[in-house]
Structures are given as structure tokens and as C-alpha cells.
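What follows is one structure encoded as C-alpha cells, with my remarks underneath.
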Amino acid sequence: TEILSGTGITKSYGATPALRGVDVSVAEGEIVAITGPSGCGKSTLLHCLAGILRADSGTVVYRDQDLNLWSEAARSRLRRTEFGVLFQFGQLVPELTAAENVALPLLLAGSGRRDARAAALGWLDRFGVADLADQRPGAMSGGQQQRCAAARALVTEPRVIFADEPTGALDQLNGEQVLSAMVQVVREQGSSVVLVTHEAPIAAYADREIVLRDGVVDPTGIGVGA
Ligand code: ADP
Ligand code: ADP
């Protein structure tokens, strides 16, 4: 069953067209990679699908609801509850420890401190960084920070995870470790993933690759994973 779709999505920045009529569909439990050359519109598409950017035209439908019709507050609530987002640089809160960073989405969702911390420790462990629970991001390597950021993106057990070059700042080994841990978790949870990447070994983790070129889906589908 389909969980998320975009139909006829267009988006321009001023006079620069970024998306020129894109159709995509993501099934429950499916991992979809969006690939294509730099500047082809991958990030813009991900931001539109995640409800972070509003498309100029076209529809984004999540579980039968058109997100373009929702208020900013409603979309923001959706992102906190049913969506998880992970970017190239994890954007951890520098003043908080790893465990506090990972617990944050649960606290925002109303969990108690003790439960949130216990869950955060469990998620740090799944990403192999339980020993860093009480460290602040500044004391961690890029790979360690991204593991924490991935744990934070998954801690609420979102139904859809949006990941924009989540391994782009990591070396290949770290990148694949973070991604394979993520894939294992989403397979268990049955969540879907929209993954923007330009790296073939990362795209290879996806069930399906959608190739963008110059703001449209390349019908040949020949991308980095081919
Ligand atoms: P990709 O993720 O594939 O590199 P983007 O979605 O980031 O592509 O960008 C698509 C096009 O839109 C590019 O031409 C880019 O320069 C332009 N663009 C992206 N974001 C902005 C912005 N905030 N302001 C102006 N132009 C932008
Ligand atoms: P990514 O593709 O990994 O998101 P980019 O370097 O394309 O990274 O974009 C980083 C940020 O800069 C994004 O917020 C994007 O919207 C913005 N951006 C990208 N291209 C442009 C542009 N031509 N003019 C202004 N802002 C841009």
C-alpha cells in the first residue's frame, strides 16, 4: 500500500526552476533512493515530500491527506510525530549530551524523563555509540555524531524517514555502517525511507531508485545504483 506520493510537483526559487512536474510514490515499508546529478532537485523534492517546503503546484499526499492544504503548524506536528528527518550534518544540539539529544523528540512528544532516557540509551546502543551517551557533540567524531543523529531521527519510530545525504559527510565505512543500522531498524519497524544520495553503495541499500535530471524524473531510471 502507498503511504506517500507526490503528483505533478513543481517548485521554483525565484526564476530558477528546481522541480518541473515530478511524480513519485512510496509504499509502506519501502526504501526509495532519489539520485541524480548535483542541482537536479533531489533536496527540493525531499523537502516538499516531508512538508518542509510547500510545492508551487502539485499534490503531496500522505495517508490520503494532501499536505499542501495543511497549515505550517499541522505539518510541523506531523514531522515531529510520524516523520523522521536526518540531514547530511546531524544538527545535534551542541549544549546537550548524546542521550539528551536522542531523548529530545520523545520529551517533545510528552514522554517522561526516565522513559525518554532509557529509550535514548537503547537507540544509541543500536547505533554502536552507547558509550558516548553523556558526551556532547563537540567531543565526538563526525561519524559518531551522525550515529546519534540517526538514533534521534528513529527514536519516535516514525512511519516515514526522510534522509538527505545522511552519509555525505562520512567516509565509506562509517557511511555504510550508519545506513545498514538504519535499514535494519526500518525493516523491523516497517517504516518507509526517502533517501537522497549521490553515492552508489548507499543507493544500493534502497529497494528502488528514482533518478532526477534537471527537475524531472529520468524515465530510463539509470542512476548511480545501476
Ligand atoms: P540537489 O539536491 O539535486 O543538488 P537542489 O534541490 O538542492 O538539488 O537544487 C535544485 C536547484 O534549485 C538548483 O539549481 C539549486 O541551485 C536551486 N536551489 C536550491 N535551493 C535554493 C534556494 N534556497 N534558493 C535558490 N535556489 C535554490
Ligand atoms: P544539499 O543538496 O545537500 O541540500 P546544497 O548545497 O544544495 O546541499 O544546499 C544547501 C542549502 O543551500 C539548502 O538550504 C539549499 O536550499 C540552499 N541552496 C542551494 N542552492 C542554492 C542557490 N543556488 N541559492 C541559494 N540557496 C541555495
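Per-structure values
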quantity	calculated
Between 0 and 90°, nearest 10: helix 98-108 axis offset from the chain longest Cα axis	60
Residue-span extension gain [Arg208 to Ala73] - 0.36 nm each, minus C-alpha spacing	45.4 nm
Carbon + sulfur, % of accessible area of the chain - ligands and nucleic acids excluded, 1.4 Å	50
Projected label distance in nm at Val61 and Ser180, using a 7 Å step from Cα toward the beta-carbon	3.8
Karplus (6.51, -1.76, 1.60) ³J(HN,Hα), θ = phi - 60°, over the range 109-124, in Hz, Gly and Pro reported as x	7, x, 5, x, 4, 5, 5, 5, 5, 4, 5, 4, 5, x, 6, 4
Relative contact order, percent, the chain [alpha-carbon distance under 8 Å, six or more residues apart]	29
Protection proxy ranking of 195-208, 144-157, 127-140 - average other beta-carbon atoms within 10 Å, highest first	144-157, 195-208, 127-140
The range 1-114: projected area of the alpha-carbon convex hull, averaged over directions, in nm²	9.0
Within the chain, percent of DSSP bridges classed antiparallel, to nearest 5	50
Mean separation of Cα contacts under 8 Å (6+ apart) over length of the range 39-160, as relative contact order %	29
Computed FRET value (nearest 0.05) for Leu121 with Thr10, which takes r as the C-beta separation and R₀ as 41 Å	0.40
Whole-Å distance, taken between Cα centres, linking the range 36-104 and the range 127-203	16
Cα gyration tensor, the range 90-191 - rounded (a/c under 1.5), prolate or oblate	oblate
Nonlocal amide H pairs with Asp56, under 5 Å, H built at 1.01 Å	Thr10, Lys11, Ser12
Global geometry of the range 12-63, whether rounded, prolate or oblate, following the gyration tensor of its Cα atoms and the 1.5 cut on a/c	oblate
Asp23 accessible area, 1.4 Å probe, all protein chains in place, Å² to nearest 10	100
For Glu28, solvent-accessible area (1.4 Å; no DNA, RNA or ligand), Å²	100
For the range 16-30, Karplus couplings with θ = phi - 60° (6.51, -1.76, 1.60), whole Hz, Gly/Pro x	8, x, 9, 10, 10, x, 10, 10, 9, 9, 10, 8, 4, x, 9
Under-5 Å amide H pairs with Val193, H placed in peptide plane, nonlocal only	Glu30, Ile31, Val32, Ile161
Accessible surface, per residue, of the chain when the full set of protein chains is kept, probe 1.4 Å, Å²	45
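The values are calculated or read from the model by the stated rules, or taken from the named source; none is laboratory data. Just so you know, these numbers come straight off a predicted model, no measurement behind them. With ideal geometry, Cβ positions are generated from the backbone for all residues, glycine too; neighbour counts draw on all protein chains shown. Side chains are part of the model used for accessible areas, which takes the heavy atoms of the whole protein and leaves out ligands, DNA and RNA. Shrake-Rupley method; radii C 1.70, N 1.55, O 1.52, S 1.80 Å.
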